[in-house]
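A.B. asks: Once you've had a glance at the structure underneath, I'll fire off some questions.
No value in this document is a laboratory result; all are computed from the given coordinates. The structure presented is a predicted model; accordingly, all values stated were derived computationally and were not measured. We place every Cβ from the backbone using ideal geometry, glycine too, and count neighbours over all the protein chains shown.
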Amino acid sequence: MLTTGFKFWIGLCTVMMAAAVFAGYTTGGTETGPVSLGWKGGVGNHVAYVLLVFGASVMALLGLTAQVFRDGDAEATAEVLGLEVAPEAQVAVGRSWWPVFAAVGLGVVAVGLVVHTAVFVVGLCILAAVGLEWTMTNWSERATGDPAVNRELRERLMRPIEIPVLGAVGIGVRVLTVSRVLLASSVGGAVWVATVIGIVVFGGAMYISRRPTLPRGLIQSALLLGAVAVLTAGIVAAVVGERDFHHKGKSLGDETHQEAGH
């Protein structure tokens, strides 16, 4: 019986092979070249064709692996590895916000390539932080069979890094995005924007501190929405551009004095 994992990876393999054949025929491939992997003719654009075929090969390998190990079934794993006792099954893990943050970082990077260099740098910082956090979360969730011990291991290892480094990165990103908003606003509007942002941040912090029983998921959701709102406002302000800064020119008396001096 074919497993769910096998069907998933083989489906991706089929899609990538179809994309490779399509790319071959649309970039100058001969009649039988793309379908014969270049054995009976040309394949068109070699770079695109080879990358798609390589990706299809990786998908096929993952599908075969999933089929052999029966999607991680303990008894099938013990049989393949020649073990007398089946290995302990991994503890089911909960939901994770890191895929959402990674999607936000990719979106910011894509927009920054078109809009502004500062937005692009912000996206790279988000992706770097998410990559580190996501990697360590995956490691800690499977370190032992006890979820409590896994959380303690992650806290002990990552807290000394997360607090100073991610705090500095977060402050830098906030300052950069908010500065774009202030520079795009008028003189009076910038004052109002800064005032409203300060009141919202201070009021939200006071509300959360006085209600320690609030669900952790609710607080995380509020922080996520706030971060997305600030990033969106910064990107929109970068697209709009900075306001015009009018510098006072020199007076006529100063210019006459300078010419007389010469």
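A.B. asks: If you take the square roots of the eigenvalues of the alpha-carbon gyration tensor of the range 4-81 and sort them as a ≥ b ≥ c, do you get rounded (a/c under 1.5), prolate (a/b over b/c) or oblate?
C.D. replies: Prolate is the answer for the range 4-81, as a/c is 1.5 or above and a/b outweighs b/c.
A.B. asks: On to the next question. Along Cα→Cβ, 7 Å out, is where each label goes; now give me the distance between the ones at residue 121 and residue 148 in nm to one decimal.
C.D. replies: Going by the 7 Å Cα→Cβ label model, 4.6 nm.
A.B. asks: Let me ask something additional. For the range 114-125, what does the Karplus curve 6.51 cos²θ - 1.76 cosθ + 1.60, with θ = phi - 60°, yield as ³J(HN,Hα) per residue in whole Hz, taken in order and with x for Gly and Pro?
C.D. replies: Here the 3J(HN,Hα) series is 9, 8, 7, 5, 4, 5, 4, 5, 4, x, 5, 4 Hz.
A.B. asks: I'd like the FRET efficiency for residue 132 and residue 205, computed as 1/(1 + (r/R0)^6) with the beta carbon distance as r and R0 of 30 Å, rounded to 0.05. Before the final figure, lay out each step's value.
C.D. replies: On the way: r = 26 Å, r/R0 = 0.86.
So the FRET efficiency works out to roughly 0.70.
A.B. asks: With label points built 7 Å along Cα→Cβ from the Cα atoms of residue 243 and residue 4, find their separation and express it in nm.
C.D. replies: 5.5
A.B. asks: Students often check this: by mean Cβ neighbours within 10 Å, which of 201-214, 218-231 ranks highest, and how do the rest follow?
C.D. replies: Numbers: 201-214: 9.9, 218-231: 14.0.
Highest mean packing first, the order is 218-231, 201-214.
A.B. asks: Follow-up. Determine ³J(HN,Hα), in whole Hz, for all residues of the range 187-194 in sequence, where each value follows from phi through the Karplus function 6.51 cos²θ - 1.76 cosθ + 1.60 and θ = phi - 60°; x replaces Gly and Pro.
C.D. replies: 4, x, x, 4, 5, 5, 4, 4
A.B. asks: Would you mind calculating the relative contact order of the range 4-81 from Cα pairs under 8 angstrom and at least 6 residues apart, reporting the percent as a whole number?
C.D. replies: So the answer I get is 36 percent.
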